[in-house]
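Below is one structure, written out as structure tokens, with a few remarks after it.
The values are calculated or read from the model by the stated rules, or taken from the named source; none is laboratory data. Please read these numbers as outputs of a predicted model, since none were measured by experiment. Cβ: placed from backbone, ideal geometry, glycine included. Neighbour counts: every protein chain shown. We work out accessible area using only protein heavy atoms, side chains counted, and drop any ligands, DNA or RNA first. Shrake-Rupley method; radii C 1.70, N 1.55, O 1.52, S 1.80 Å.
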Amino acid sequence: MTARELDAAGITDPALREAYTRCRRLNARHGRTYFLATRLLPVERRSAVHALYGFARWADDIVDSLDADIAPHVRASELSRLHRQLEKGLREGAGPEPVVLALADTARRYDIDHRHFSDFMAAMRSDLSVTDYRTYAELRAYMHGSAAVIGLQMLPVLGTVVPRDEAAPHAAALGVAFQLTNFLRDVGEDLDRGRVYLPADLLHAHGVDRDLLTWSRATGNRDPRITEALRAFEDLTRGVYREAAPGLAMLDPVARPCIRTAFVLYGAILDAVADDGYAVLHRRSVVSRRRRTAVAVDGAVRLAAARIAHGRGRPRQPAIPLSPAPLPTPSDAVDGPLHKEAV
């Protein structure tokens, strides 16, 4: 499958093929949800998505590895080295790090704004020193670089049926929605890293602070105040999904099944958290394999229909956006009640 993706994308240079293959492995290992959704893209576009996500995961691993033997100054040094390689790769199209090589090639092929990569690296640097966010506004500012820009990087690859600037706010919101979902699912794991991504003003409104979260994580005991705070964070996250939803109809029809699948599966994580009683300080909530498969099959059917109806290749720009199939909200997308893997 990897060779088929590379051949379809016209990637023939052996070094580049190896670089893209490495990115694909990173994406497959770290992001089950979005890797599954990516397989619903037209084959010629998948390698570019792997490059974007492979680089993001590479940087995130430097910052977020739970290996306590890695000193903070070593993480900072590695991140700075990666940033220098990124700048060189984007400027010259070459570099010693394969993941950067693939990213630079994708940025060139799809004319992706280099500022999105700089903003992403700034957010990664902040994770080395910032452990708490006083307000949701502060958190949202951080997520511009850590999540929104991922959606903006993706947009040229996905293609649109409207001017790109019109779709951009929705793409950015979707990146934020996915990351907020991960923050809710991973509250306990983030606390182990010394971080609390739930904004302090939201926690305080329900009588919760870092000490109470730490006590609950350490003892396994529950507290209704924590449950209410987590439920409020879920409500906030669902609001961002509503911001993002109109953007799906703005995408190239053959890209919609991929993003719709990610939209549904990430929304299903919120449902799983609620079904588990918001026990995220004590265990990770997961979407069942059965549900994941059902959503993926539905996406594959939609992709086949879109390719038959609209043909293969680059997106076209009709004057009026094409109408997609009805879109479920995250809450009703699963039966019963893709970490900073930014999407």
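Structural remarks
- Close Cβ contacts (under 7 Å, 6 or more residues apart or on different chains) running from residues in the stretch 200-226 that are over 20 Å from R283 (Cβ atoms) to residues that are among the small types (G, A, S) comprise L202/A229; L202/A232; L203/A229; H206/A229; H206/A232.
- Matching residues in the stretch 159-186 - criterion: being touching a Leu at 6+ places or on another chain (Cβ under 8 Å), of a type in the set (A, V, I, L, M, F, W, C) and open to solvent by less than 10 Å² (accessible area, probe 1.4 Å): V161, A167, F178, L180, F183, L184
- Lone unmet requirement of (1) modelled with pLDDT under 90; (2) more than 23 Å from R115 (Cβ to Cβ) for G95: (2)
- Criterion: at pLDDT below 95 and of a type in the set (A, V, I, L, M, F, W, C) - qualifying residue of A177, A262: A262
- Test result for A229, assigned to a helix (DSSP H, G or I) and surrounded by fewer than 21 Cβ atoms within 10 Å (Cβ to Cβ): no
- Qualifying residue in the stretch 287-298 (condition: crowded, with 21+ Cβ neighbours inside 10 Å, out of contact with any Phe, Trp or Tyr (no Cβ under 8 Å at 6 or more places or on another chain) and part of a helix (DSSP H, G or I)): yes
- Number of the exception - A272 against (1) in a helix (DSSP H, G or I); (2) at pLDDT 70 or above; (3) open to solvent by 30 Å² or more (accessible area, probe 1.4 Å): (3)
- Some residue of the stretch 232-244 being in contact with a His (Cβ under 9 Å, 6 or more places away or on another chain), within 19 Å of E166 (Cβ to Cβ) and of a type in the set (A, V, I, L, M): yes
- R29 being within 29 Å of V295 (Cα to Cα) and open to solvent by 10 Å² or more (accessible area, probe 1.4 Å): yes
- In the stretch 194-221, residue least open to solvent (accessible area, probe 1.4 Å) [restricted to those that are basic (K, R) and within 22 Å of T237 (Cα to Cα)]: R195
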